Amino acid sequence: MDNDRLNLNFENLIERMGDSEISYLVLFHFRNQLEEDLIKIQELIESNDFDELYESFHGLKGAAGATAAENIFDIMVKMEESCKSKNMTEIKILNQQLNTFANNFLKELNLVDGFVEIYGKK
């Protein structure tokens, strides 16, 4: 996981999707889902529900990979591993990192949103 790397690799997403408009729609769907997932993950951590946590981690990992949210994807891989070993201490530490990466991702996404509005590609 590279802390200096952008959380959003928009160029990679456009390359995979083949269209910037589709990429934009996918990203903003992911943004809404991400915000919900972060809340759900925090609740599951508090309840120590490893089975549900693993499902949430796995789902978010897949969505992050599909949307080129690379730092989030990387942290989700580690969170899945910690969940398999039922290491709640590590999960809590990683969850703090996840929230940092998610907040940075959301900031970067807001920049993309502003760019799209300015140049009328929405």
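The values are calculated or read from the model by the stated rules, or taken from the named source; none is laboratory data. Only a predicted model underlies this, so the values are computations on that prediction, with no experimental measurement involved. Virtual Cβ from ideal backbone geometry, glycine too; neighbours counted across all protein chains shown.
Values computed for the structure shown
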{"quantity": "Number of the condition not met by residue 9 [criteria: (1) at pLDDT below 95; (2) over 9 Å from the mean Cα position of the chain (by Cα); (3) polar (S, T, N, Q); (4) within 17 Å of residue 96 (Cβ to Cβ)]", "calculated": "(4)"}
{"quantity": "Matching residues, the range 59-87, being of a type in the set (D, E, K, R) and closer than 20 Å to residue 9 by Cβ", "calculated": "61, 70, 74, 78"}
{"quantity": "Residues satisfying the stated conditions in the range 67-102, i.e. β-branched (Val, Ile, Thr) and surrounded by fewer than 18 Cβ atoms within 10 Å (Cβ to Cβ)", "calculated": "77, 89, 93, 100"}
{"quantity": "Residue identified as more than 15 Å from the chain's Cα centre (by Cα) and either within 18 Å of residue 103 (Cα to Cα) or free of Cβ contacts under 8 Å to residues at least 24 places away in the same chain (or both) among 18, 59, 65", "calculated": "18"}
